[in-house]
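Reading through the structure tokens given below for one structure.
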Amino acid sequence: MSNQLNLALECVDKAMAQLRVALRDVPYRREGFRSDHTAFVKSMAQLRVALSYSRSQLESPSARRRRRGSPRT
């Protein structure tokens, strides 16, 4: 499950990079677009951080045990 999350996070990063490139020629001050764009980017950043922190909950118990250094049973 953690691999799927990594893939999703990579796709989000690629999409946000594409959005940055696409918005270079858009006038930001037209019809409140800048505030909408800023709100969207902040919410995507919060989502990405929350998903990144949830990665440890999606790992299998054996992977968590190995990471902590506990012996296998």
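The values are calculated or read from the model by the stated rules, or taken from the named source; none is laboratory data. All values derive from a computational prediction rather than experimental measurement. Heads up, the Cβs are rebuilt from the backbone with ideal geometry, glycines too, and the neighbour counts pull from every protein chain shown. Keep in mind that these areas ignore ligands, DNA and RNA; they rest on the heavy atoms of the full protein, side chains included. Shrake-Rupley method; radii C 1.70, N 1.55, O 1.52, S 1.80 Å.
Report, to the nearest whole %, how much of the accessible area of segment 1-58 belongs to carbon and sulfur atoms, 1.4 Å probe, protein only. Before the final figure, lay out the partial values.
On the way: 2690 of 4780 Å².
That share works out to 56 percent.
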Using a 1.4 Å probe, what is the accessible area per residue for segment 1-58, in Å²? 82 Å²
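Please work out whether segment 1-58 counts as rounded, prolate or oblate from its C-alpha gyration tensor, where a ≥ b ≥ c are the square roots of the eigenvalues and a/c under 1.5 means rounded, while otherwise a/b larger than b/c means prolate and anything else oblate?
On the way: a/c = 5.64, a/b = 2.21, b/c = 2.55.
Since a/c reaches 1.5 but b/c is at least a/b, the shape of segment 1-58 is classed as oblate.
Suppose every Lys and Arg Cβ carries +1 and every Asp and Glu Cβ carries -1, with no other charges. What dipole size does segment 1-58 come out with about its Cα centre, to the nearest 20 debye? Kindly include the intermediate steps, with their values, before the conclusion.
On the way: 9 positive and 5 negative charges, 32 e Å.
Around 160 debye, computed over segment 1-58.
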Once the dipole of segment 1-58 is set up with Lys and Arg at +1 and Asp and Glu at -1 on Cβ about the Cα centre, which of ALA39, LEU58, MET16 lies farthest towards its positive end? ALA39
